[in-house]
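The values are calculated or read from the model by the stated rules, or taken from the named source; none is laboratory data. Everything numeric in this text was worked out from a predicted model, so none of it was measured. All Cβ positions, glycine included, derive from the backbone under ideal geometry; neighbour counts span all protein chains shown.
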Amino acid sequence: MENIKLNIRAIAANMKISIEELARRADIAPGHLKQVSAGNVKMLAEDVQKLSKLTGIPADNIIA
């Protein structure tokens, strides 16, 4: 889960947006994505796919 936490932060930083904005753009609940980025909850497979579609980053790389 540590890798996903770091990947979420890195994706947002690379896009120069907040985690909340990343969540909104990907159609993910902002509070949930913040909890994922804090390492408090697991990332849902559906959310990984949404981030992949938004960013063009393969899902396997997001969860790696």
Which members of the range 1-17 meet the condition of being exposed (fewer than 14 other Cβ atoms within 10 Å of the Cβ) and assigned to a loop (DSSP other than H, G, I, E, B)?
M1, K16
Those residues of the range 45-64 that are exposed (fewer than 15 other Cβ atoms within 10 Å of the Cβ), under 10 Å from the mean Cα position of the chain (by Cα) and closer than 15 Å to N3 by Cα come to a total of 0
For the range 20-44 the number of residues that are within 16 Å of E2 (Cα to Cα) and either without any contact (Cβ under 8 Å) to a residue 24 or more places away in the chain or in a loop (DSSP other than H, G, I, E, B) (or both) is 10
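Each row is one residue, and each column tells you yes or no for (1) at pLDDT 95 or above; (2) in contact with a Gly (Cβ under 9 Å, 6 or more places away or on another chain); (3) β-branched (V, I, T).
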| position | (1), (2), (3) |
| --- | --- |
| I17 | yes, no, yes |
| R25 | yes, no, no |
| I28 | yes, no, yes |
| S37 | no, no, no |
Members of the range 21-44 that are among the charged types (D, E, K, R), out of contact with any Asp or Glu (no Cβ under 8 Å at 6 or more places or on another chain) and surrounded by 13 or more Cβ atoms within 10 Å (Cβ to Cβ):
E21, R24, R25
For the range 6-40, give me each residue that is touching a Pro at 6+ places or on another chain (Cβ under 9 Å) and within 20 Å of N61 (Cβ to Cβ).
I19, L22, A23
Go through the range 34-52 and report how many residues are at positive phi and acidic (D, E).
0
